[in-house]
1. Taking every pair of distinct Cα atoms and averaging 1/r, then inverting, what Kirkwood hydrodynamic radius in Å comes out for the stretch 248-314?
2. Residue by residue through the stretch 763-779, which ³J(HN,Hα) values in whole Hz follow from phi under the Karplus form 6.51 cos²θ - 1.76 cosθ + 1.60 (θ = phi - 60°), with glycine and proline marked x?
3. Using DSSP to call loops (not H, G, I, E or B), can you name the trypsin sites (Lys or Arg not before Pro) in the stretch 443-473 whose Cβ has at most 15 other Cβ atoms within 10 angstrom?
4. Give a quick list of trypsin sites (Lys or Arg not before Pro) in the stretch 299-367 that DSSP marks as loop, anything other than H, G, I, E or B, with at most 14 other Cβ atoms within 10 Å.
5. Taking the Cα atoms of the chain, what is the range of coordinates along each of the three principal axes, in descending order and whole Å?
6. In a solvent-free Debye calculation with one equal scatterer on each Cα, what is log10 I(q)/I(0) for the stretch 289-348 at q = 0.20, 0.22, 0.26, 0.27 Å⁻¹, listed in the order of the q values?
7. What does the convex hull of the alpha-carbon atoms of the stretch 646-752 project to on average, in nm²?
8. Along its principal axes, what span do the Cα atoms of the stretch 383-472 show, with the longest given first and each in whole Å?
Amino acid sequence: MKFPLLVSLFASVLNLSSETGYEAWLRYAPITDPAIRQRYDALPAVVVVAGDSPVLEAAREELVRGVRGCLGRILRSTVSLPPENAIVLGTFDALDRRFPGLGAAPYSTPDSFSLKTVKANGRTHLLITGPNDRGVLYGAFALLRRMAGHEPIARLDLRESPYAPVRFLNHWDNLNGTIERGYAGKSISWENDRILEDLGRVRDYARLMASVGINGCSINNVNADARVITPSYLAQVARVADVFRPWGVRLLISLDFASPRKIGGIDTFDPLDPRAVEFWGKKVDEIYRAIPDLGGFVLKADSEGRLGPSEYGRTHADAANAVARALEPHAGLLFYRGFVYNHRLDWRDPKLDRAKAAYDNFHMLDGQFADNVLIQIKNGPIDFQVREPPSPLFGGLENTSQAIELQITQEYLGQQRHLCFLVPMWKETLDFDLHVHGANTPVKQLVAGKIFHRPAGGFVGVSNVGRDTNWLGHPLAMANLYGFGRLAWNPDLGSRQIAQEWTRLTFGHEPRVVATVVDMLLASWPAYENYTGPLGAGTLTDIINIHYGPAVESSEYNGWGQWHRADAKGIGMNRTVANGTGFIGQYAPPVALKYESLKTCPDELLLFMHHAPYAHVLHSGKTVIQHIYDSHYQGADQAARFVEQWKSLEGRMDEGRYQETLARLEYQAGHARVWRDAIVSWFLKKSGIPDQLGRAGHFPHRVEAEAMELYGYSVIDITPWEAASGGRAVQVSSPGRRGSVRFRYAGPPGWQDLSVQYFDENDGASQYQLFVAGQRVDGWAANDTLPSRLPDAHTSTRHTVCGLALRPGDEIRIEAVAQGGENACLDYVEIEPCPPARRSR
Ligand code: GCV
């Protein structure tokens, strides 16, 4: 660090005591700059609430809390208008009744709000109003967001309405407390088949949801356990609904479609069988007795092994309507998932295509669904890959309501170990014009029901926050939850604006921090795409199970249909109408024409739409194969740059979040190299075409572990082979579970960084020590919890020791003690010159 004194002075001015991330964007950090504080001098000291609902009470409490946090002032609460300026909270009706003459002009869209400064009887009041209590609550949060964002609030006259009525979250929490595709600890609601006793965290989560306008949340996995709607569970689930309620969040439940048979005491779940119909009628009435304001249900049927209407030869409309009709009297909604596909496709048949499934299954049923059914459609036609076109089904439903499903939890996108800000990706889909009937029909308008005037519609985000203190594991991942809420409220907001808002609220207003974090956020999805899946081919990860590290062939030769068809000559799915699967024909002509032709298909989706030879020249002027090489090197470099960018913020934020983020970014930089090397090596071997820049397959700074002197170690093959340098690694094989590897340094004398690439499985915590010329220079434990118990692409990781003064002939020795199921596997050692900047410090 160049100016330690300056930085520490700066830190003390900013009061940088450690934060955990638990408060997320609702920190209400003290405003210390007098020029900024002055903006709030005229804020009234009194808050008046017209009405006494729990939601209004939450709004009042939040205002008191926020103003106290930002300004250190405690607002006085009253129920009648005081003889001084006041903040007045209430619905338009209540304000009109209680304080006629204040001039709150009504506005009818549910959940909308108005913030208005009015003059009455010589006083200046700030009115926070809306057509319903929830709108008032959102108005309170909006005011506080402005204040925490250091924006002026004088002479306010602001109105906002949500873009769509549905702004919901889904959770894939299992009743035992685990979370399918959750990467931040256990469920905040469930444990051991019960709802947790202490729902404090659920309450704080509901507050976070409300603060960005989220108004519904399902709390159990779409791979649903039928027991969730049995009486003993319902009583517990109702407790969560009670905690959500003051925050205007309605609870939803995921259903098992086979419930009539599994828990209903009948031998059928045929949606047209009167006994099943009767089951749903009675069951839904019973559920609403327990939770009168239930938002409705989410239903995954006939998908990935879930039972559904196909069991009886019935349609998805039959299935949906059987449940929806029972919901109708209660004004409940049924979210029927469009994620229906056959995962036992014959991979040898070039005409079969999983991407076609959603449209094929639902388009022909358009108009047959009850009005309270929404088809919940994933953003792309496959499954949350790093790059997909919009699902054509968004344009295929004119007489059926729909909602878009976006994934906040980063299943295929780095599982919150990698930084990947998803708002720009979501916006590409939302802004995409599907040209339905040749008209201007962006996805956001279709899903909101604006184009075909549907009664319902909107946005669903798969959240999967967990019990990690900072909710999503990576301190920067909460930008995705925030961004989802903001886009669901207003999809016209820009990615940069959302990134800036979030950064300011989360890390404060120091200009360098804001600029750097925003830059990193905006660069992160392109970087992740660069080092994972090129040109729309898919994420190139292990698709069978973990969905994390590279595994190029895992998507091939099986029925899951995430094929990219890479072979010795080319890569990509031919989805053309002319001679491919015909998927492109599911789009309206202007879109289909663009994708069908190699001339107009955008590079980034080329391999989603076409099978192209490696020598095919892209619009960028590069060949496909050279793009694969270049983008992977570029992406890994970008990931390395994130570390340097972050380090430039040291001392400019609290130590806790600084260090936690740094650790994740350093890990990411190492894993991005694993990705780079795996993909590049695989394509080099498969295509036989060399990298024009000579990088692929050449690792001049690397010494393979299998080429070292081994003591108590033996060589093993790694699966998939591209997960390890040279396809092989070494593991401890001595009965004492100890071993060492050695080699002589043969490079020039000088300052060097030495990286040990090893496998940190989650079934042990092996110990390593590094010796250089007989001197112990470092030691560490392989005690991370990466998502595999094998030495593979998910566990390959890197430990770097910087600034070693190496001399030719030095013995480099690693001594290891294996522990648990882990065999202290080593892949290679890489020795690279220290960057000059670091050397000079
Ligand atoms: C909840 C993907 C995920 C599954 C998930 C499924 C779905 O296939 O890998 O874990 O199941 O999507 O969305 O239903």
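1. Result for the stretch 248-314 stands at 12.7 Å.
2. 10, x, 9, 5, 10, 10, 9, 10, 10, 10, 6, x, 9, 6, 10, 6, x
3. 450
4. Counting only loop positions with at most 14 other Cβ atoms within 10 Å, the trypsin sites (Lys or Arg not before Pro) in the stretch 299-367 are 344, 348, 351.
5. Taking the Cα atoms of the chain, the three principal extents are 89, 71, 54 Å.
6. Per q value, in the given order, log10 I(q)/I(0) is -0.79, -0.89, -1.08, -1.12.
7. Its Cα hull, projected and averaged over all orientations, spans 10.6 nm².
8. That gives 46, 25, 17 Å along the principal axes, largest extent first.
Quick note: the coordinates plus some simple rules give every number you see, no bench work behind them. All figures in this text were calculated on a predicted structure; none of them were measured in a lab. Note that we place each Cβ from the backbone using ideal geometry, even for glycine, and neighbour counts take in every protein chain shown.
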